[in-house]
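Input: a single structure, listed below in structure tokens.
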Amino acid sequence: MLAAVGSAVGLGNIWKFPYLAGANGGGAFVLVYLLCVAVVGIPLLIAEVLIGRHGRLSPVNSLARLARKAHASHLWPLAGAVGMVAGLIILSFYSVIGGWALAYVVRTASGLFVDVTAEGAANIFQGLIRDPERLLAWHTLFILMTALVAVRGVRSGLEQAVRLLVPALIILLLVVVGYNLNSGHFMQALDFLFRPDFDRFGANGALQALGHAFFTLSLGMGAMLIYGSYLPAAAPIPRMALAVALLDTLIAMLAGLAIFPLVFANDLAPGSGPGLLFTTLPVAFGHMPGGTYVGTLFFLLLVLAAWTSAISLLEPLVAWLVENLRLQRSRSVTLAAFLAWLLGLVSLLSFSRWAFSFRFGGQVRHNGWFDALDVLTSGIMLPAVGLAIALFGGWVLPRRITAGELGNGPVGHLWRLAIRYLVPLAIATVFLGMTGVI
Ligand code: TRP
């Protein structure tokens, strides 16, 4: 369970959620995102963990084993394979952003942000992302850190780290929120984040909200499935899923309240994109008492949170390589991490030499391959795999298996209703909305 929290809580909550909310108009996005977490995310989280615990293997092989048991098509494991590839792609750009966080530990610790203006912070950020060689060094370091832990296997150290990490992260976010209560434009931020305005919100916003519900809960690639396969038989899955979703959402909301009052106080654009976190918080750290220490600790915790998530992005592929190709764990990790590192170069250059813009769903994306890979994974692959897992869990798995895992009480019934009807319907609606059919 702690490993699942470690996987869920990461850059998605603190870096990605705020910039997506900002780029998609605020309140309406936040509301749809919260709905997606509750209606699609929690039932799917339960489904993934349940399939993993019953299958006891990597996602592909768990699905194969359960499909055989249910006398169903042997194509179901394909969902696991697509998820594995999605994980690799996500890790490739996740590591680049993890690298930004690493760079900011050093920058904050060196006192670079003392008394910084919003403009100064923006310049420092641009200086970093337009420098591919620097980014390469940080990206490489982040992948190496991830591989190092992955070689030693998930478990003991990870759980201890998460036990410390999550409360510490909440406290530091509260410190920034507290600072904003005095110095930021707090009410304006509340209004922006929580008063829905559906006038400028369409299918593309809904797809991003749905995609982000998958991303932030680590769903649709098998990460939660594989953690389920390590779970003891007696653990209460629904209660754990609820706890993971609540903690994850709490941290995202706090991140929003840490960032947006600064956005409005400094006249910044809420929709400025992936740099939002890195151009706002340093301004607060530069002005609060003890800000250098608070800021350094904050970015350190952000790195740690990204790290525990990155490990889970690697795990399904590594487990599959060990099970199917009979590779040693260390070789599997090396191979998977190398592939993610290589693909990461594409995202890394998206902010300088290979920069280009494109249109998707009526919205202009400015960050080239980085945005394209994000659309491909969060917008298409994760929800598609999620749809397959919902259909598999709701319609293919025999009831005696799911009831055996969840019990015959009201929770099991509610889950069954959600996973059979609500989840597929919600995902299909958003997909069809994008194609313009509805
Ligand atoms: N959930 C993590 C975050 O919010 C990222 C992540 C880890 C992830 N494992 C995943 C996203 C699997 C999608 C699928 O930072």
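Where a number appears in this text, it was derived from the coordinates with a stated rule and is not lab data. Keep in mind it's a predicted model, so treat the numbers as computed, not measured. A quick note on method: Cβ atoms are made from the backbone with ideal geometry, for glycine too, and the neighbour counts reach across all protein chains shown.
Quick check for me: using +1 on Lys/Arg Cβ and -1 on Asp/Glu Cβ, what's the dipole size of the chain about its Cα centre, in debye to the nearest 20?
1480
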Handout entry: With Cα atoms, 0 to 90° folded angle of helix 132-151 axis to the chain main axis
Key = 40
Completion exercise
Residue separation between residue 246 and residue 181 times 0.36 nm, minus their alpha-carbon distance, gives in nm 21.0 nm
Practice task
Bin width 20 Å, alpha-carbon pairs only: give the P(r) of the chain as whole percents, running from 0 to the bin holding the largest distance.
Solution key: 27, 59, 13, 0
Handout entry: Hypothetical label at residue 71: residues of segment 393-412 whose amide nitrogen lies under 17 Å (7 Å Cα-Cβ projection)
Key = 395-401
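Arrange 365, 152 by Cβ neighbour counts within 10 Å, fewest through most, would you? Can you show the working numbers first?
Numbers: 365 18, 152 13.
Final ranking by Cβ density, sparse to dense: 152, 365.
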Completion exercise
Rounded to the nearest 10 degrees, the helix 59-69 long axis (Cα) sits at an angle to the longest Cα principal axis of the chain of 20
Problem - Using alpha-carbon coordinates, inclination of helix 77-109 to the longest axis of the chain, degrees - result: 20
